[in-house]
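Structure, as structure tokens:
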Amino acid sequence: MRILRVDSTHPDPAALADAAAVLRGGGLVAFPTETVYGLGAHALDPAAVARIYEAKGRPSYNPLIVHVASIGEARGLASAWPEAADRLAERFWPGPLTLVVPKSPEIPDAVSAGLDTVGVRIPAHPVAHALLLAAGVPLAAPSANRSMGVSPTTAEHVRRSLGGRVDVIVDGGPCPVGIESTVLSLAGEVPTVLRPGSISIGELREVLGEVAAASAEPSGRAARPSPGMLDRHYAPAAEVRLFSPAAREATFAKAVWAATDERRVGVIAFAPVSASGAEVVAMPADVPGYAARLYAALHAMDAAGAEVIWIEQVPDAPEWAGVRDRLRRAATGAAVLPGE
Ligand code: AMP
Ligand code: MG
């Protein structure tokens, strides 16, 4: 495995040509996007795509998002391109929005996990964009971590999770958005958000009018419109429990120690919390700032050996939907998912 360090805004063309050659040859290259680090492979090469599933330990029923450099290329991967896709692309691309559209026969089944649709997006990160241009092929790229774990927002996170399983890691610094793209399906009657992200349903409605949110309620696998809705996803090694802001002040430290049998404790909260012996991360109060830091905070907890992580609930407001979704799925406590 080689690490190629590049400038986040003006990446060295020689380094990108190197990584692009690995990709064209069927290799795996992790690279920064504005959301999280992606584990890229030539999307039209089934053997290369199979290596993604193997490296991640990803179940074969979970499809991959294909990254492209232009709208024309995106259109070429679709068997039908709804007019709505052009309006969305105009407003949100390049950016953290994935569009699910009917797929072209050119897309290997492994990419779409046997579905007749494909998820596509144009990433905004200058390194991702330059790498796509250098490679000259569409890149299938899920998050560059072992399946079910916390997505990586730095090259070091990738190295720790995938290490020798990738050929190259392009290190372009931390990812600015920090949570995965909003996934919107245009394949049904009504545009439907399959996975919330930093682009909110309200912003999508401004462009499209009616937009539905897929239910995130626990249910059978077959009933899920998007495999990204698997409940246990985006989870750190530790047990995660959510607590309400009201519980922070007086009862917090006591509750932590009483409930956790003196296991190693981590706390992720909006304000510094005094819980002696615990690993504490104080989070920004704004959504973009919080999202950008969340996965790094979870990785820091894992690195510190936390066995239980207490996370302060975020506001129940629409702009927090993407973050709330990731917290819900990181939490394994019965208090968060009754009956699970
Ligand atoms: P990841 O790239 O690891 O963040 O995961 C990509 C997610 O995008 C998947 O788990 C799915 O939820 C979603 N996705 C990708 N392609 C499709 C598709 N064709 N249909 C529905 N969801 C998709
Ligand atoms: Mg992922």
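Taken together, the residues in region 113-157 that are near ligand 1 (Cβ under 10 Å from one of its atoms), within 27 Å of L294 (Cα to Cα) and of a type in the set (S, T, Y) amount to 3. Scanning region 23-33 turns up no residue that is polar (S, T, N, Q) and surrounded by fewer than 24 Cβ atoms within 10 Å (Cβ to Cβ).
Answer yes or no as to whether R329 is modelled with pLDDT of 70 or more and within 24 Å of G178 (Cα to Cα). Considered against the rule, which asks whether it is modelled with pLDDT of 70 or more and within 24 Å of G178 (Cα to Cα), R329 comes out as yes.
Counting the residues of region 220-252 that are more than 16 Å from ligand 2 (Cβ to nearest atom) and either at pLDDT below 60 or not in a helix (DSSP H, G or I) (or both) gives 16.
You will find that of A297, A306, the residue that is crowded, with 19+ Cβ neighbours inside 10 Å, at pLDDT below 90 and of a type outside the set (S, T, N, Q) is A306 and no other. If you go through region 175-214 and pick out every residue that is touching a residue at least 60 places away in the same chain (Cβ under 8 Å) and β-branched (V, I, T), you end up with 7.
Does any residue of region 67-86 turn out to be within 24 Å of E34 (Cβ to Cβ), within 16 Å of ligand 2 (Cβ to nearest atom) and at pLDDT below 95? Let's see the steps before the verdict.
Restricting attention to region 67-86, the residues satisfying the condition of being within 24 Å of E34 (Cβ to Cβ) are 67-78, 81, 84-86.
Keeping just the survivors that are within 16 Å of ligand 2 (Cβ to nearest atom) gives 67.
If we keep only those that are at pLDDT below 95 as well, we get none.
Within region 67-86, none of the residues are within 24 Å of E34 (Cβ to Cβ), within 16 Å of ligand 2 (Cβ to nearest atom) and at pLDDT below 95.
Checking the stated criteria, A335 turns out to be surrounded by fewer than 18 Cβ atoms within 10 Å (Cβ to Cβ), at pLDDT below 80 and more than 24 Å from the chain's Cα centre (by Cα). Here region 51-74 is the region considered, the condition is being within 16 Å of ligand 1 (Cβ to nearest atom) and part of a helix (DSSP H, G or I), and the residue that is most open to solvent (accessible area, probe 1.4 Å) is E54.
Looking at region 107-127, which of its residues are under 16 Å from H10 (Cβ atoms) and within 16 Å of ligand 2 (Cβ to nearest atom)? Write out each step before concluding.
Here is the first cut: in region 107-127, the residues under 16 Å from H10 (Cβ atoms) are 124-127.
Within region 107-127, none qualify.
With the condition kept exactly as written, say whether any residue in region 176-193 is farther than 18 Å from D325 by Cα, away from ligand 1 (no atom under 16 Å from the Cβ) and at pLDDT 95 or above. Yes.
Tell me, please, whether a residue that is open to solvent by 40 Å² or more (accessible area, probe 1.4 Å), under 23 Å from A214 (Cα atoms) and either modelled with pLDDT under 95 or away from ligand 1 (no atom under 16 Å from the Cβ) (or both) can be found in region 87-105. Working first, answer last.
As a first pass, look at region 87-105 and keep what is open to solvent by 40 Å² or more (accessible area, probe 1.4 Å): 87, 90-91, 94, 105.
Now narrow it down to the ones that are under 23 Å from A214 (Cα atoms): 87, 91.
Within this subset, residues satisfying the condition of being either modelled with pLDDT under 95 or away from ligand 1 (no atom under 16 Å from the Cβ) (or both) are 87, 91.
Yes, there is a match, as at least one residue in region 87-105 is open to solvent by 40 Å² or more (accessible area, probe 1.4 Å), under 23 Å from A214 (Cα atoms) and either modelled with pLDDT under 95 or away from ligand 1 (no atom under 16 Å from the Cβ) (or both).
Comparison of G119, G40, G114 shows that the only residue that is part of a loop (DSSP other than H, G, I, E, B) and either in contact with a Ser or Thr (Cβ under 9 Å, 6 or more places away or on another chain) or buried (at least 21 other Cβ atoms within 10 Å of the Cβ) (or both) is G114.
The values are calculated or read from the model by the stated rules, or taken from the named source; none is laboratory data. Computed from a predicted structure; not experimentally measured. A quick note on method: Cβ atoms are made from the backbone with ideal geometry, for glycine too, and the neighbour counts reach across all protein chains shown. The accessibility values were calculated without ligands, DNA or RNA, using every heavy atom of the protein model including side chains. Shrake-Rupley method; radii C 1.70, N 1.55, O 1.52, S 1.80 Å.
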